[in-house]
Amino acid sequence: MSRKSRGFGAEKSLSPEEQQAKINEVRKIIGPIADKYPVLCSDESISRYLRARNWHTKKASKMLVESVKWRLEYKPEKIVWEDVAREAETGKLYRANFCDKLGRPVLIMRPGFQNSSSTEGQIKYLVYCMENAIMNLNPDREQMVWLIDFQGWTMGSVSVKVTRETANVLQNHYPERLGLAILYNPPKVFESFWTVVKPFLEPKTYKKVRFAYSNDPQSQKIMEALFDINKLDSSFGGRSRVGFDYEAFGQLMRADDKKKSDLMNSGCSVPTDHLLVASQSSQSESLTSDHCSDDSDNELDEATSTLEDVDEKVPGLKLGYDDVPKSEAAMAKQVQ
């Protein structure tokens, strides 16, 4: 059975054999980089970059090389709870203790609870949460769901600069990790903000955005179709009143930090590619140290230079409130 990929230009549907051929072509394009960073350049990872670029091998190769460079410079695997704990205090972003009915982890965002004016701090916490969610993916899943609660949101809650940088990090360095984003109870004034930020989003990203409302029976049916209503927070129409517990969340994150550290230090293989992301990034750092540094930098620069002429402009695509699915069946079809 072929899989469909929506992205730049017309939608493509490739057979497994055709997909593998594209993956092999990307590996050939990026050359020795694939051998030096085998997990970051695994078939699964390359496939995500290809799907993000509608199976265009040169565009996907350029995107992947830029991500490798970003990981070597930003070192997301080195971020630990103590680095971001202050950003997490209000519960503005955290991994929920449940998955959706498709087994995807859920990240809950409450932009109205913003407690920081630091773009650097906010992005660092976002990256930390993304890395943590990926590490906790089920072996048969590679995407997550975002639930965005607009309680207390105003136009001043999130800056356009932070929104633009958020879109840049998520789309360029975590391609095809978002399965669905549900914007829950956005106020009327959000329409103006949405108009401003839409140009930052690629078509593949904002096709995954859906709006839901607590006073809309169809929205509630959609939420019930996607989540266990007994585990879903009451602010999203569920029955759970547990809410966000900062201390408990901090303990969970410290435990996950230790798990990540043990994995990186052991160097052992595990059956899931997702858990190896942090380990491979750590290995990447050692590969670029001492005498390997110049060679690795040159290879990355050469690959980037070769792909500089690739056109990555994104065509426009409209998405508004009318795009909210009007039936449970419609949403089920959208998320499978």
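The values are calculated or read from the model by the stated rules, or taken from the named source; none is laboratory data. Bear in mind the structure is a predicted one, so any value in this text is a computation, not a measurement. FYI the Cβ positions are ideal-geometry reconstructions off the backbone, even for glycines, and counts take in every protein chain you see.
Out of A255, A225, report the one residue that is modelled with pLDDT of 95 or more, of a type in the set (A, V, I, L, M, F, W, C) and either under 24 Å from the mean Cα position of the chain (by Cα) or surrounded by 17 or more Cβ atoms within 10 Å (Cβ to Cβ) (or both).
After applying the criteria, what remains is A255.
Would you mind stating whether W70 is more than 20 Å from D257 (Cα to Cα), touching a strand residue (DSSP E or B) at 6+ places or on another chain (Cβ under 8 Å) and among the aromatic types (F, W, Y)?
Working: more than 20 Å from D257 (Cα to Cα): yes; touching a strand residue (DSSP E or B) at 6+ places or on another chain (Cβ under 8 Å): no; among the aromatic types (F, W, Y): yes.
Against the criterion (more than 20 Å from D257 (Cα to Cα), touching a strand residue (DSSP E or B) at 6+ places or on another chain (Cβ under 8 Å) and among the aromatic types (F, W, Y)), W70 does not qualify.
Does Y184 meet the test of being in contact with a strand residue (DSSP E or B) (Cβ under 8 Å, 6 or more places away or on another chain), crowded, with 19+ Cβ neighbours inside 10 Å and not acidic (D, E)? Outline the logic, then answer.
Working: in contact with a strand residue (DSSP E or B) (Cβ under 8 Å, 6 or more places away or on another chain): yes; crowded, with 19+ Cβ neighbours inside 10 Å: yes; not acidic (D, E): yes.
For Y184, the condition - in contact with a strand residue (DSSP E or B) (Cβ under 8 Å, 6 or more places away or on another chain), crowded, with 19+ Cβ neighbours inside 10 Å and not acidic (D, E) - is met.
Check whether at least one residue in segment 98-107 is touching a helix residue (DSSP H, G or I) at 6+ places or on another chain (Cβ under 9 Å), under 15 Å from Y174 (Cα atoms), of a type in the set (A, V, I, L, M, F, W, C) and surrounded by fewer than 20 Cβ atoms within 10 Å (Cβ to Cβ), and report yes or no.
Within segment 98-107, not a single residue is touching a helix residue (DSSP H, G or I) at 6+ places or on another chain (Cβ under 9 Å), under 15 Å from Y174 (Cα atoms), of a type in the set (A, V, I, L, M, F, W, C) and surrounded by fewer than 20 Cβ atoms within 10 Å (Cβ to Cβ).
Pairs needed: first member in segment 200-214, touching a residue at least 40 places away in the same chain (Cβ under 8 Å) and part of a helix (DSSP H, G or I); second member anywhere, surrounded by fewer than 20 Cβ atoms within 10 Å (Cβ to Cβ) and of a type in the set (G, A, S); C-beta distance under 6 Å; at least 6 residues apart or different chains.
Note: no pairs meet the criteria.
Matching residues to (1) closer than 23 Å to R141 by Cβ; (2) touching a residue at least 40 places away in the same chain (Cβ under 8 Å):
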| site | (1), (2) |
| --- | --- |
| S15 | yes, no |
| Q19 | yes, no |
| V26 | yes, no |
| A34 | no, no |
| V39 | yes, yes |
| S42 | yes, yes |
| S67 | yes, yes |
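Which of the residues belonging to segment 231-263 are in contact with a Gly (Cβ under 7 Å, 6 or more places away or on another chain) and polar (S, T, N, Q)?
Residues satisfying the conditions do not exist here.
Taking the stated definitions as given, is S240 of a type in the set (S, T, N, Q) and within 13 Å of A96 (Cα to Cα)? Break it down into steps so the answer makes sense when it comes.
Working: of a type in the set (S, T, N, Q): yes; within 13 Å of A96 (Cα to Cα): yes.
Considered against the rule, which asks whether it is of a type in the set (S, T, N, Q) and within 13 Å of A96 (Cα to Cα), S240 comes out as yes.
Looking only at segment 53-83, filter to residues that are of a type in the set (A, V, I, L, M, F, W, C) and crowded, with 21+ Cβ neighbours inside 10 Å; which one of those is farthest from K22 (Cα to Cα)?
Once the filter is applied, the top-ranked residue is V68.
Residue-by-condition table, conditions (1) at pLDDT below 95; (2) over 21 Å from M223 (Cβ atoms):
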| position | (1), (2) |
| --- | --- |
| I108 | no, no |
| G121 | no, yes |
| K124 | no, yes |
| A133 | no, no |
| N136 | yes, yes |
| P139 | yes, yes |
| M144 | no, no |
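If you take just the strands (runs of 3 or more DSSP E) that sit entirely in segment 82-151, which of them hold at least 2 residues that are touching a Cys at 6+ places or on another chain (Cβ under 8 Å) and assigned by TED's automatic domain parsing to the domain that holds A225?
It comes to 93-99, 105-109.
Quick check: anything in segment 54-69 in a strand (DSSP E or B) and under 16 Å from the mean Cα position of the chain (by Cα)?
No: zero hits.
Mind listing whichever residues of segment 191-213 are hydrophobic (A, V, I, L, M, F, W, C), closer than 27 Å to L232 by Cα and crowded, with 20+ Cβ neighbours inside 10 Å?
Those that are hydrophobic (A, V, I, L, M, F, W, C), closer than 27 Å to L232 by Cα and crowded, with 20+ Cβ neighbours inside 10 Å: F211, A212.
Being surrounded by 15 or more Cβ atoms within 10 Å (Cβ to Cβ) and either out of contact with any Lys or Arg (no Cβ under 7 Å at 6 or more places or on another chain) or assigned to a loop (DSSP other than H, G, I, E, B) (or both) is the filter here; which residues of segment 230-252 pass it?
Within segment 230-252, K231, L232, D233, S235, F236, G237, G238, F244, F249, G250, L252 meet the criteria.
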